[in-house]
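Have a look at the structure below before the remarks.
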Amino acid sequence: MAPAATSEHTPLDPFDLPEGHPFGAHNLPYGVFSPAGQEPRVGVRLGDHVLDAGAVAAALGSPYGTLLARANLNPLLAAGRTAWSDVRRALTGWVTVPAHRETVRAHLHPLDSVTLHLPFEVADYVDFYASENHASNLGRLFRPDEEPLKPNWKHLPVGYHGRAGTVVVSGTDVVRPSGQRKAPSDPAPVFGPSVRLDIETEVGYVVGTPSAQGTSVPLAGYRDHVFGICLLNDWSARDIQNWETVPLGPHLGKSFATSVSAWITPLDALDAARVAAPERTVPLLPYLDDSGADVDPAGYDLRITVSLNGEVVSEPPFSGMYWTGAQMLAHMTVNGASLRTGDLYGSGTISGTEENERGSLIEMTWNGTRPLKLSDGVERGFLEDGDVVTLSAWAPGAGGTRVGLGEVTGRIVPAPVTP
């Protein structure tokens with residue numbers, strides 16, 4: 001049910017946003033919501049309200065109503081870049097032109113009155129390892145007598161294929177996974193709940209336009225295929241992962257849950273936050289070489305905050321990621337692998353150069369040897385049942401504004417009792 005209309009100049013008016021609100025008309029991220037007792041539909045966030053995009057399109061006679069009056073974002077994702085830009089332009093007009101105000105007001109819902117859903121059907125999921133700081137930290141932890149980075153790391157974006165079916169929307173509880181684990185001193189593996197449950201602070205890229213199998217997407221094709229980004233937490237059971245990883249890589253230690261934001265920020269909202277990638281220290285093969293003047297920068301200045309049980313524990317900067325979203329996409333398809341609408345790929349854990357900029361607990365606590373000391377006196381090496389982790393972020397916008405990214409939150413619940 002739409003909220004009651006209020007005076008245009010009262011504090012409760014959804015159009016009178018405080019100065020600097022990160023979800024103003026300059027942002028307009030997309031999601032899927034349902035009012036109480038109603039079916040899911042596409043929505044756009046404006047301040048602390050969500051606009052029923054399909055309903056307002058129909059009310060204003062827009063030709064984009066068929067793309068927006070859906071139960072998920074996939075039809076809009078599949079429509080391609082021209083449609084994405086046209087729809088965004090229309091939405092911006094609807095929420096800023098005074099003549100549309102009363103029509104729009106009738107289709108605004110307070111955020112706290114609706115249920116948010118996974119905004120798109122995930123087709124395939126790939127997770128990368130694009131932070132040099134994170135990869136180097138783990139190399140020092142587990143291979144102290146070797147070079148921190150493997151020989152291939154600066155030649156290609158390392159990644160693995162994950163499980164699309166366990167991608168969940170922010171707010172979904174995360175069940176502690178069980179599996180095999182073996183400490184170095186154990187004579188044999190044991191089975192049970194993970195005792196080294198971790199987070200991975202990431203950014204997810206949402207693919208809209210598909211590509212044909214047998215073709216590849218060049219760096220210049222990034223903005224034609226990627227619709228937008230979201231925050232992503234790729235939960236990780238480090239003990240299960242450590243035992244299973246050699247020789248084929250992550251499996252059960254990763255596939256139990258990946259949390260994404262309920263809001264997808266379109267790339268067009270992030271133009272002011274685009275930055276060049278760090279200097280490359282190894283020459284790149286042509287399909288990954290983004291040093292030319294004809295290649296647009298595909299890095300983003302995102303300011304991320306990681307909170308554990310309401311307390312800030314890290315602030316990883318995304319601007320220092322060695323590999324960009326364009327390079328990850330180019331590498332993911334260079335062998336002819338096709339893209340599908342709804343594909344999701346993650347950046348891998350984001351970590352900066354400082355100790356308070358690390359994006360995983362395994363780094364923050366140096367594999368549990370230096371536990372976090374929270375303000376209430378509790379220590380954490382890895383996650384305990386009942387812990388709540390929240391990722392939030394913003395990016396610089398045009399004219400000094402801030403572009404908010406939808407937060408990702410998840411609460412750890414105990415593993416099921418097994419016989």
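Can you run down the residue pairs with Cβ atoms below 6 Å, 6 or more apart or on separate chains, where the first is in the range 19-37 and hydroxyl-bearing (Ser, Thr, Tyr) and the partner is part of a loop (DSSP other than H, G, I, E, B)?
TYR30/LEU73; SER34/PRO40
Being open to solvent by 80 Å² or more (accessible area, probe 1.4 Å) and in a strand (DSSP E or B) is the filter; apply it to the range 395-419 and report the residue that is nearest to PRO119 (Cα to Cα).
The residue in question is GLU407.
Identify, from the list THR209, THR215, the residue that is under 30 Å from GLY342 (Cα atoms), open to solvent by 40 Å² or more (accessible area, probe 1.4 Å) and of a type in the set (S, T, N, Q).
Just one listed residue meets the conditions, THR215.
State yes or no: is ASN137 assigned to a helix (DSSP H, G or I) and either within 27 Å of PHE318 (Cα to Cα) or acidic (Asp, Glu) (or both)?
Here the answer is yes, as ASN137 does meet what is asked.
Identify the residue in the range 273-291 that is touching a His at 6+ places or on another chain (Cβ under 9 Å) and outside any loop (DSSP other than H, G, I, E, B) and, among all such residues, is farthest from ARG411 (Cα to Cα).
Filtering the range 273-291 for residues that are touching a His at 6+ places or on another chain (Cβ under 9 Å) and outside any loop (DSSP other than H, G, I, E, B), the one farthest from ARG411 (Cα to Cα) comes out as TYR287.
On the given criteria, is VAL388 at negative phi and free of Cβ contacts under 8 Å to residues at least 24 places away in the same chain?
In short, no.
If a residue has to be in contact with a helix residue (DSSP H, G or I) (Cβ under 6 Å, 6 or more places away or on another chain) and modelled with pLDDT under 95 to count, how many in the range 220-250 make the cut?
Final tally of qualifying residues: 1.
Among the residues of the range 223-255, write down those that are under 17 Å from the mean Cα position of the chain (by Cα), over 17 Å from ALA393 (Cβ atoms) and not in a helix (DSSP H, G or I).
Across the range 223-255, the qualifying residues are VAL226, PHE227, TRP235, SER236, LYS254, SER255.
Is it true that ASP186 is at pLDDT below 95, more than 27 Å from ALA326 (Cβ to Cβ) and either charged (D, E, K, R) or crowded, with 20+ Cβ neighbours inside 10 Å (or both)?
Spelling it out, ASP186 is indeed at pLDDT below 95, more than 27 Å from ALA326 (Cβ to Cβ) and either charged (D, E, K, R) or crowded, with 20+ Cβ neighbours inside 10 Å (or both).
So which residues in the range 292-318 are of a type in the set (A, V, I, L, M), in a strand (DSSP E or B) and open to solvent by 40 Å² or more (accessible area, probe 1.4 Å)?
Within the range 292-318, VAL312 is the sole residue that qualifies.
Hey, among the residues in the range 319-349 that are part of a loop (DSSP other than H, G, I, E, B) and touching a Lys or Arg at 6+ places or on another chain (Cβ under 9 Å), which one's surrounded by the most Cβ atoms within 10 Å (Cβ to Cβ)?
Checked the range 319-349; the qualifying residue surrounded by the most Cβ atoms within 10 Å (Cβ to Cβ) is THR349.
Within the range 91-105, which residues are buried (at least 18 other Cβ atoms within 10 Å of the Cβ) and under 29 Å from the mean Cα position of the chain (by Cα)?
LEU91, TRP94, VAL95, VAL104 - these are the residues of the range 91-105 that are buried (at least 18 other Cβ atoms within 10 Å of the Cβ) and under 29 Å from the mean Cα position of the chain (by Cα).
Consider LEU108 against the criteria (1) within 30 Å of HIS49 (Cβ to Cβ); (2) open to solvent by 20 Å² or more (accessible area, probe 1.4 Å); (3) touching a His at 6+ places or on another chain (Cβ under 7 Å): it satisfies all of them except one. Which criterion is unmet?
(2)
Hey, can you tell me all the residues within the range 363-391 that are surrounded by 14 or more Cβ atoms within 10 Å (Cβ to Cβ), more than 24 Å from the chain's Cα centre (by Cα) and assigned to a strand (DSSP E or B)?
LEU372, ARG380
Quick one: which strands (runs of 3 or more DSSP E) sit completely within the range 140-182 and have at least 2 residues that are open to solvent by 50 Å² or more (accessible area, probe 1.4 Å) and touching an Asp or Glu at 6+ places or on another chain (Cβ under 8 Å)?
178-181
The values are calculated or read from the model by the stated rules, or taken from the named source; none is laboratory data. Predicted model, so just to flag it, every value in this text is computed and none were measured. Because the Cβ atoms are built from the backbone with ideal geometry, glycine has one as well, and the counts that use them run over all protein chains shown. Protein only, heavy atoms only, side chains kept; ligands, DNA and RNA dropped before computing areas. Shrake-Rupley method; radii C 1.70, N 1.55, O 1.52, S 1.80 Å.
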